[in-house]
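The values are calculated or read from the model by the stated rules, or taken from the named source; none is laboratory data. Bear in mind the structure is a predicted one, so any value in this text is a computation, not a measurement. Quick reminder, even Gly has a Cβ in these numbers, built from the backbone with ideal geometry, and neighbours come from all protein chains shown. Side chains are part of the model used for accessible areas, which takes the heavy atoms of the whole protein and leaves out ligands, DNA and RNA. Shrake-Rupley method; radii C 1.70, N 1.55, O 1.52, S 1.80 Å.
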Amino acid sequence: MPGESVVNVEGSCEALCRTLVSQNGLQRETADISQSVLYTSLMGLLLVTDKEKEKLIIGSGRVGLRNIGNTCFLNAVVQCLSHTRGLRDYCLLKAYRHEKFSKEEGKLVEAFSQVLSGLWDVNEGDRVVNPRLFYSIFKEAVPYFSGYSQQDAQEFLRFLLDKLHTEINRRPYIRRTGNEPEQKCAIFRISEEAAAMWKKHLERDDSRIVDLFSGQLRSSLHCSVCSHYSNTFDVFCDLSLPIPKRSAAGEVTLRECLDLFSQEEKLDKDNSPMCERCNRRTECTKRLSIQRFPQVIVIHLNRFTTSRWSISKSTVHVSFPLINLDLGAYGPVDCGPVLYDLYAICNHTGTVNTGHYTACCSDENGWCFYNDCSVTQLSENQLQTNQAYVLFYQRSSTTTITIRK
């Protein structure tokens, strides 16, 4: 049929096993990893092997979503996630049913998968999918979104990924008590410290959402008194980037936003944490970098600024690469190129109070513009606008990272 395509997912389980070491923190240098983490991860992969060998036959995906009352934010985000292939195939194959260990009922992931099934239906008889059931279940899980007022797309994305993760978490029963003693072992390499923190995270939170979207940020503090360096590591599912100040007609690049995000920041005594060596608050500098790169990196251009009395929106044009976005400069020292390709954009037009969300997504046949029910083709030179709000990048398969010890 026109627009029909076959996705061969055979061997993807094997591919996941190959990348388990490098991307899920199971590194040879951290051979003390608990057997339960390794066992659960491998069993989860083995349980879905039969499903993964199926031939996934899908339509073009060029199907709209009905607006059921100020839900353009939902439609735009769902279209972007629908074109996240690793998540789309996982949901269409119902693979979560075979690796799900959570006590959660799984209502949201089932409803979300039903929406994706409609969007990628081979028959494409109905060119519009109604997300009412999915949104109703989501609002039960997140009452904050109840009602029919306009919502922020990036905020919705965060809540949605979090709730999906909760339902399909492979390790839902392990929760920290809060009174566990801190490990004070001597760690000489940042990579080892980061791997240890990532391992702890996977012992508690491990799902397809983590596989795809989770990365690790490193916050480095340098004391101006004793020159002591300390590091903390946090998990992230998106990067919220500040936009440099420009006039409305000015233009900045995505790299300038990344530079501003990662630039060294001076903290005075009142705003700095305790220095581990001085044992008191001192003036210090802080710098953010990416310690572990996710498969899918979601970049939020922070266009909305909240002041004491109001919320304003930046309409500065931010230019961004469509292919080969290299984030290596923002990672560990000498990690080499880390390349990403753009596959989806969530746009916001209008003002703070009267805005509208749309999406631009790429498939095998090019780019399409998704405006609720309407789906139209567009060229690459139409993607760069001052409406870009959330960018979705997929890690390039040619990327290799070498970190010097």
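Determine the pairs where a residue that is closer than 15 Å to Cys72 by Cβ, located within the stretch 361-376, has a partner that is hydrophobic (A, V, I, L, M, F, W, C) and surrounded by fewer than 16 Cβ atoms within 10 Å (Cβ to Cβ) with Cβ atoms under 8 Å apart, the partner being 6 or more residues away or on another chain.
Phe369/Leu378; Cys373/Val128
Please work out which one of (1) open to solvent by 10 Å² or more (accessible area, probe 1.4 Å); (2) assigned to a helix (DSSP H, G or I); (3) farther than 29 Å from Thr354 by Cα is the condition Gln154 fails and give its number.
(3)
Restricting the search to the stretch 342-357, which residues are surrounded by fewer than 22 Cβ atoms within 10 Å (Cβ to Cβ) and either touching a Gly at 6+ places or on another chain (Cβ under 6 Å) or over 17 Å from Asn386 (Cβ atoms) (or both)?
Tyr343, Asn353, His356
Pull up the stretch 211-235, narrow it to residues that are open to solvent by 40 Å² or more (accessible area, probe 1.4 Å), over 30 Å from Leu164 (Cβ atoms) and of a type outside the set (A, V, I, L, M, F, W, C), then point me to the one that is modelled with the lowest pLDDT.
Taking the stretch 211-235 first, the residues open to solvent by 40 Å² or more (accessible area, probe 1.4 Å) are 218, 222, 224-225, 227, 229, 232, 234-235.
Next, from what is left, pick out any that are over 30 Å from Leu164 (Cβ atoms): 222, 224-225, 227, 229.
Cutting the leftovers down to of a type outside the set (A, V, I, L, M, F, W, C) gives us 222, 224, 227, 229.
Numbers: His222: 76, Ser224: 74, Ser227: 67, Tyr229: 77.
Result: Ser227.
Taking strands (runs of 3 or more DSSP E) that fall entirely within the stretch 324-405, which contain at least 1 residues that are within 17 Å of the chain's Cα centre (by Cα)?
Numbers: elements: 339-349, 356-363, 366-371, 374-378, 388-395.
Hits in the stretch 324-405: 339-349, 356-363, 388-395.
Could you list all residues from the stretch 103-139 that are charged (D, E, K, R) and under 19 Å from Asn169 (Cα atoms)? Step through it out loud before you land on a result.
As a first pass, look at the stretch 103-139 and keep what is charged (D, E, K, R): 103-105, 107, 110, 121, 124, 126-127, 132, 139.
If the condition is that a residue be charged (D, E, K, R) and under 19 Å from Asn169 (Cα atoms), then Lys103, Glu104, Glu105, Lys107, Glu110 are the ones that fit.
Restrict the check to the stretch 107-116 and report whether at least one residue is open to solvent by 10 Å² or more (accessible area, probe 1.4 Å), farther than 15 Å from Val375 by Cα and either without any contact (Cβ under 8 Å) to a residue 24 or more places away in the chain or part of a loop (DSSP other than H, G, I, E, B) (or both).
Scanning the stretch 107-116, I find at least one residue that is open to solvent by 10 Å² or more (accessible area, probe 1.4 Å), farther than 15 Å from Val375 by Cα and either without any contact (Cβ under 8 Å) to a residue 24 or more places away in the chain or part of a loop (DSSP other than H, G, I, E, B) (or both), so the answer is yes.
If you check Ser146 against the conditions, is it of a type in the set (Ser, Thr, Tyr), farther than 21 Å from Thr376 by Cβ, open to solvent by 30 Å² or more (accessible area, probe 1.4 Å) and at pLDDT 95 or above? Break it down into steps so the answer makes sense when it comes.
Values: of a type in the set (Ser, Thr, Tyr): yes; farther than 21 Å from Thr376 by Cβ: yes; open to solvent by 30 Å² or more (accessible area, probe 1.4 Å): yes; at pLDDT 95 or above: no.
So Ser146 does not fit the description; no.
Restricting the first residue to the stretch 140-166 and requiring it to be closer than 25 Å to Thr351 by Cα, which pairs with a second residue that is open to solvent by 70 Å² or more (accessible area, probe 1.4 Å) meet a Cβ separation below 6 Å and a spacing of at least six or different chains?
Here the result reads Tyr148/Asn70; Gln150/Asn70, each pair linking the stretch 140-166 to a residue that is open to solvent by 70 Å² or more (accessible area, probe 1.4 Å).
Could you look through the stretch 287-319, keep only residues that are of a type in the set (Lys, Arg) and crowded, with 16+ Cβ neighbours inside 10 Å, and pick out the one that is nearest to Asn231 (Cα to Cα)? Let's see the steps before the verdict.
Of all residues in the stretch 287-319, those of a type in the set (Lys, Arg) come to 287, 292, 303, 308, 313.
From the residues that got through so far, the ones that are crowded, with 16+ Cβ neighbours inside 10 Å too are 292, 303.
Numbers: Arg292: 14, Arg303: 29 Å.
Among them, the one singled out is Arg292.
Using beta carbons and a limit of 8 Å, which pairs, at least six apart or on different chains, have the first residue in the stretch 300-314 and without any contact (Cβ under 8 Å) to a residue 24 or more places away in the chain and the second one in a strand (DSSP E or B) and not polar (S, T, N, Q)?
Thr305/Ile311; Thr305/Lys313
Identify, by number, the condition in (1) hydrophobic (A, V, I, L, M, F, W, C); (2) in contact with a strand residue (DSSP E or B) (Cβ under 9 Å, 6 or more places away or on another chain); (3) farther than 28 Å from Phe233 by Cβ; (4) open to solvent by 20 Å² or more (accessible area, probe 1.4 Å) that Leu339 doesn't meet.
It is condition (3) that Leu339 fails.
Scan the stretch 236-270 for residues that are among the acidic types (Asp, Glu), open to solvent by less than 80 Å² (accessible area, probe 1.4 Å) and modelled with pLDDT of 85 or more and jot them down. Let's see the steps before the verdict.
We begin by selecting, within the stretch 236-270, every residue among the acidic types (Asp, Glu); these are 238, 251, 256, 259, 264-265, 268, 270.
Restricting the remaining residues to those that are open to solvent by less than 80 Å² (accessible area, probe 1.4 Å) gives 238, 256, 259, 268.
Hits for the stretch 236-270 are Asp238, Glu256, Asp259.
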